[in-house]
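Data first, discussion second: the structure below is written as structure tokens.
Nothing in this text is a laboratory measurement; each read-out follows from the coordinates by a stated rule. Keep in mind that this is a model prediction, so the values were computed, not measured. Glycine gets a Cβ as well: all are built from the backbone with ideal geometry, and neighbour counts include every protein chain shown.
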Amino acid sequence: MCEAAGMTTRHIALLRGINVGGVRISMAQQRDLAEALGFTDVRVHLRTGNIVLSAPGDATPAQVAAALTARIEADYGVPVPVVTRTPPELAAELAANPYPEATDVPASLHCVFLSAPPDAAVRGALDALGAEPPGTPDSFRLLDRTLYLHCPDGIGRSKLAARVIRAVERGGVTATARNWNTATRLLALARN
């Protein structure tokens, strides 16, 4: 990545599975690895792999994700998928929330950020999951590269959430979830 006339672009990097499974990377280590790659104005939110950073203006979100993934694997010996968003992309995804009433209980609403839009086979599998008989208060909606999960009893208790995420990942798409509070806070950090 080369710097285009000193211009930088903000990115939100969402690391999948950090500090919730076997991969342990402290907030300071996350900041250090991003800075070691030449990213600037690095801010880490929580320990769960939420990095807001500035990259050279010509760096694409895919390049930022690939650089972080490669560095984590080199430093920690474990592949950690990274999904990126620019502030305008994240703002549009938050504005498109199909569950506006759920923002009053932000722990019940999750954005599952996808590395790419799912293909037709995955969308068909998701449609089948959405057509299952009722019996749970959980629901979801897919809009392009974001899957919105509304789990009134919590995502940890949701059987639907795990099945929806597995269906997406079987199609070769990386998925990483953030609750509404985290997603909105990341946008605020990226704008400051």
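Compare 70, 28, 175 in a GNM of the chain, Cα atoms joined below 10 Å, and give the one with the largest fluctuation.
Highest fluctuation among the options: 28.
Suppose every Lys and Arg Cβ carries +1 and every Asp and Glu Cβ carries -1, with no other charges. What dipole size does the chain come out with about its Cα centre, to the nearest 20 debye?
Here the size comes out at about 340 debye.
Could you line up 27, 7 from fewest to most neighbouring Cβ atoms inside 10 Å?
With the fewest neighbours first, 27, 7 line up as 7, 27.
Based on alpha-carbon positions alone, could you give the equivalent ellipsoid semi-axes of the chain from the gyration tensor, as √(5λ), descending, whole Å?
29, 17, 16
Rounded, prolate or oblate for the range 1-87? Axes are the square roots of the Cα gyration tensor eigenvalues, ordered a ≥ b ≥ c, and the cut-off for rounded is a/c under 1.5.
prolate
With θ taken as phi - 60° and the coefficients 6.51, -1.76 and 1.60, list the Karplus ³J(HN,Hα) couplings across the range 139-150 in order, rounded to whole Hz; mark glycine and proline as x.
Using θ = phi - 60°, the values come out as 8, 8, 9, 9, 10, 6, 9, 9, 10, 9, 10, 10 Hz.
Quick one: of the DSSP bridges fully inside the range 8-85, what percent are antiparallel, nearest 5?
95 percent
Given the peptides 44-56, 86-98, 157-169, arrange them by the average over their residues of other C-beta atoms within 10 Å, most packed first.
Result, highest mean Cβ count within 10 Å first: 44-56, 157-169, 86-98.
What would the Debye formula give as log10 I(q)/I(0) at q = 0.12, 0.18, 0.24, 0.25 Å⁻¹ for the alpha-carbon point model of the range 90-191, no solvent?
Taken in order of the listed q values, log10 I(q)/I(0) reads -0.36, -0.82, -1.39, -1.48.
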